[in-house]
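Report on the following structure.
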Amino acid sequence: MNQTPAGERVHIAFFGRRNVGKSSLMNAFTGQELSVVSPVEGTTTDAVYKAMELLPLGPVVLIDTPGLDDSGELGEKRVRKALEVMRKTDIAIVVADGTVPLGEAERELIPEFERKGIPWLLVYNKEDLAEKVSADEETVLPEKGMAGERTLRVSAKTGFHIRELKERVAALVPGDVEKPLIGDLLSEGDTVVLVVPLDAGAPKGRLILPQQQVIRGVLEAGASALVCRDSELEKTLQKLVSPPRLVVTDSQVFDRVGRIVPESVLLTSFSILMARYKGDLAQLAEGAKAVERLGDGDRVLICEGCTHHRQCEDIGTVKIPNLIRRYTGNKQSVCEPEFSFTSGTEFPTDVSSYKLVVHCGGCMLNRREMQYRLERCREQGVPVTNYGVLIACLNGILDRAVGIF
Ligand code: SF4
């Protein structure tokens, strides 16, 4: 079984009107019956996700979206869900019915992908149907002469050009998918100490995803990872013949670890590494300072990137609010900010009423989705930070923790 996490996979989404054959095409693409296929319009009511290996791209997630021309109250809801998928799309496949002229949906989508810098392909399905309309593709393409390179005729029914479609998609590798998590900070032979407290909040029998990913990153760099709890950190450091290159800690014990690790040793946290990897560390570090200005009744939004199998337990709902309350309460006599919470794919488009947004590390989100969320905050002038960056700030060691980059 392939265990590459969804946040690390290239997200390839199929967009288009109802009944153009998006679901059949995705089934033909994967060689499996994943999406319900029916001649009835609007059969896909929610996005369908499928993880697979696509060479030479590697691990990907394919997403089948509801039709973009759906109407009525429910239809509009489905369209909104389809457009939400755009936030995380690394490669877009615009599916058109090759037997009818292009519609509004295709005409609007392609410039939108161009604007967002999302690589796309326009695919005419139903090639098997004898009566083909000559598609007016040149009118939707940003440049003349792109037809050969950006369009393809296929048939989900007969399998015509499905292999070519996979090859064309695989060639559209997005430029910013690969970003180092930790490897660029290390040299071969380095030792990294990872501090992982196993308190009641830690999941049973496993390490959480950011910890697994950092260990993998250390190994890929040809360095060694030494993992210990915060209670064993002092002894672990004493046993080393020479100081480690870097100590990476869980944010929750930042304060304690910061006092143990000598100033001469680089120190950061899993969340800060994640902030750099998926987000914009400078924006998140600046955002953390907004906690200083929080007053009574100010709205704070706390966002988690997943709902099921949550790995961060009550950090977002209990620990972070308490830390903020304690910090602001120490500075002002009465200070009780108002906390709101979102999780999973939920993220408000309007964040302007918040004085601060605090996001989790976002290990289950892909980089594009994280960038979308940061952009919403940036354009509405709302400070945003993440758990680890905020905790480092509240403990007065933010400069040290981000100073290593
Ligand atoms: S809450 Fe955020 S950091 Fe924690 S597991 Fe979910 S996506 Fe990852």
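The values are calculated or read from the model by the stated rules, or taken from the named source; none is laboratory data. These numbers come from a predicted model, not from an experiment. FYI the Cβ positions are ideal-geometry reconstructions off the backbone, even for glycines, and counts take in every protein chain you see. Just so you know, the surface numbers come from the protein's heavy atoms only, side chains and all, with ligands and any DNA or RNA stripped out. Shrake-Rupley method; radii C 1.70, N 1.55, O 1.52, S 1.80 Å.
Among residues of the range 206-232 that are open to solvent by 70 Å² or more (accessible area, probe 1.4 Å), those with a Cβ under 7 angstrom from a residue that is away from the ligand (no atom under 12 Å from the Cβ), sequence gap 6+ or separate chain, pair up as L219/A225; E220/G183; V227/L194; V227/V196; R229/V196; R229/P197; R229/L198.
Just wondering, is there one or more residues in the range 236-255 that are free of Cβ contacts under 8 Å to residues at least 24 places away in the same chain and closer than 26 Å to V318 by Cβ? No, because not a single residue in the range 236-255 is free of Cβ contacts under 8 Å to residues at least 24 places away in the same chain and closer than 26 Å to V318 by Cβ. Of all residues in the range 260-287, those being among the aliphatic types (A, V, I, L, M) and over 19 Å from Y372 (Cβ atoms) number 8.
Would you call S264 in contact (Cβ under 8 Å) with a residue 60 or more places away in the chain and small (G, A, S)? Lay out the reasoning, then the answer.
Details: in contact (Cβ under 8 Å) with a residue 60 or more places away in the chain: no; small (G, A, S): yes.
Against the criterion (in contact (Cβ under 8 Å) with a residue 60 or more places away in the chain and small (G, A, S)), S264 does not qualify.
Looking at T249, is it out of contact with any helix residue (DSSP H, G or I) (no Cβ under 6 Å at 6 or more places or on another chain) and of a type in the set (S, T, Y)? In short, no. Might you check whether a residue that is in the same structural domain as D296 (by TED's automatic domain parsing), touching a Cys at 6+ places or on another chain (Cβ under 7 Å), open to solvent by less than 20 Å² (accessible area, probe 1.4 Å) and small (G, A, S) occurs anywhere in the range 341-355? Yes: one or more hits.
The set of residues in the range 5-24 being outside any strand (DSSP E or B), surrounded by fewer than 24 Cβ atoms within 10 Å (Cβ to Cβ) and aliphatic (A, V, I, L, M) consists of A6 alone.
Residue-by-condition table, conditions (1) modelled with pLDDT of 95 or more; (2) not assigned by TED's automatic domain parsing to the domain that holds L122:
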| residue | (1), (2) |
| --- | --- |
| L165 | no, no |
| G201 | no, yes |
| R206 | no, yes |
| V214 | yes, yes |
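Once the range 358-381 is narrowed to residues that are away from the ligand (no atom under 14 Å from the Cβ) and within 28 Å of P5 (Cβ to Cβ), the residue that is most open to solvent (accessible area, probe 1.4 Å) is R378. For residues that are closer than 13 Å to V382 by Cα and within 16 Å of the ligand (Cβ to nearest atom), tally how many sit in the range 260-294. Number satisfying all stated conditions: 1.
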